[in-house]
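Each remark here refers to the structure printed beneath this line.
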Amino acid sequence: MRGVAARYALLPLRIFLGVTFVYAGLDKLTDSAFLSASGPGSIGELMHGVRDTAAVPALVDLALKSPVGFAVALAIGELLVGLGVLAGLLTRIAATGGALISLSLWLTVSWAVTPYYYGNDLAYLMAWLPLVLAGAPYLSLDALLRSRRSRRTA
């Protein structure tokens, strides 16, 4: 029983991160206020609000060059990362994308949150790391493809 539990230990993390990122991406894509350059609840307002407290203001400045384009890219990135991790397809690449999204949000949006553990982006960054390292060895399209490749070469 312990072996089975160890084998599937990352599955709850995959499901949680995948569902969360799919939801975050869809939420952004369907929120017309968020997908605006200015105004209440917009990506532009958010970026202007965190610009002076960000650890890397240059990242915020880059997003402010095209706030709507940045918001759409972020939402699509979250959606693709979430779907990739849920399906277990190119899991390490998808998890690396999720870690980079979380890192960039931590260095910009949630950097000034005090105490630091109230900011969730750092926790998400740490949650992605096991999937970056281990991938999705079970119940995944990666495992299915790996199994098919090994049968062909045998």
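Filtered by the rule that a residue be of a type in the set (Ser, Thr, Tyr) and exposed (fewer than 12 other Cβ atoms within 10 Å of the Cβ), the stretch 1-50 gives Thr30, Ser32, Ser38.
For Leu83, the conditions (1) touching a residue at least 60 places away in the same chain (Cβ under 8 Å); (2) open to solvent by less than 70 Å² (accessible area, probe 1.4 Å); (3) within 12 Å of the chain's Cα centre (by Cα) all hold with the exception of (2). Does the stretch 131-150 contain any residue that is under 18 Å from Thr20 (Cβ atoms), in a helix (DSSP H, G or I) and not small (Gly, Ala, Ser)? Yes; the residues of the stretch 131-150 include at least one that is under 18 Å from Thr20 (Cβ atoms), in a helix (DSSP H, G or I) and not small (Gly, Ala, Ser). Inside the stretch 31-51, residues that are closer than 20 Å to Gly119 by Cα, part of a helix (DSSP H, G or I) and touching a residue at least 12 places away in the same chain (Cβ under 8 Å) make up a count of 5.
Does Leu59 satisfy being at pLDDT 95 or above, over 22 Å from Gly119 (Cβ atoms) and either in a helix (DSSP H, G or I) or not basic (Lys, Arg) (or both)?
When the stated conditions are applied, Leu59 does not pass them.
Please indicate, with yes or no, whether at least one residue in the stretch 91-102 is farther than 30 Å from Ala6 by Cα and open to solvent by 50 Å² or more (accessible area, probe 1.4 Å). Checking the stretch 91-102: not a single residue is farther than 30 Å from Ala6 by Cα and open to solvent by 50 Å² or more (accessible area, probe 1.4 Å). Quick check on Ala54: is it open to solvent by less than 40 Å² (accessible area, probe 1.4 Å) and in a helix (DSSP H, G or I)? Against the criterion (open to solvent by less than 40 Å² (accessible area, probe 1.4 Å) and in a helix (DSSP H, G or I)), Ala54 does not qualify. One residue stands out among those in the stretch 114-154 that are open to solvent by less than 60 Å² (accessible area, probe 1.4 Å), without any contact (Cβ under 8 Å) to a residue 40 or more places away in the chain and not aliphatic (A, V, I, L, M): the one that is nearest to Thr91 (Cα to Cα), which is Ser147.
The values are calculated or read from the model by the stated rules, or taken from the named source; none is laboratory data. Note that the coordinates shown come from a computational prediction; the quantities given were computed from them, not determined experimentally. Cβ sites come from the backbone with ideal geometry, for glycine too, and all protein chains shown count toward neighbours. We work out accessible area using only protein heavy atoms, side chains counted, and drop any ligands, DNA or RNA first. Shrake-Rupley method; radii C 1.70, N 1.55, O 1.52, S 1.80 Å.
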